[in-house]
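Okay, structure first, notes after.
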Amino acid sequence: MEGGPFKCVFSCANVHALFSIHPLSLPSFLQAIKAIFLERVTVLAYYDSFIQSTAGPWQLPSVICLKQYQKGCRERPPPLNRRNIYIRDHYLCAYCTQRLKATDLTLDHVLPRSKGGKGSWDNLVTCGLPGILVAVPVSFFHFCVCQ
């Protein structure tokens, strides 16, 4: 029943001003009803459908707005992993700017780990596999042949 036809319930948050309303997620209707019951949200619009509960019929909300925005994982930086580096670099090789598939990419340290480079957002870049195999460090410049 949770993944039924009422899955398109929108959640909005009034973050800073009346004009700053952004969709945050698509909760199930059960999550929306629970949030209404706990008075965490304001209902902005309803569907024509009702569901029956022990407390009586509930009209299904179509748009809900959080009463209070809670900072959570959206305020933390994303985890440092291969996929997120690829997304940040738009799947482009840092040396030849050619767009490649994820299977043809790898990560490269701008400052090599042997020279004290860390695995951080500032020191990791996306590189094509052919480019990394033929990359020749000259100072900090690499020559890439991803073609």
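Brief remarks follow.
- Rounded to the nearest 0.05, the FRET efficiency derived from the C-beta distance between residue 25 and residue 54 at R0 = 30 Å is 0.65.
- Listing 106, 54 from fewest to most neighbouring C-beta atoms within 10 Å gives 54, 106.
- For the stretch 82-134: rounded, prolate or oblate by the Cα gyration tensor [a/c cutoff 1.5]: oblate
The numbers here are math on the coordinates, done by the rules we state, and not lab data. Given the structure is predicted, the values throughout are model-derived calculations rather than measurements. Positions of Cβ are backbone-derived with ideal geometry, glycine not excepted, and every protein chain shown enters the neighbour counts.
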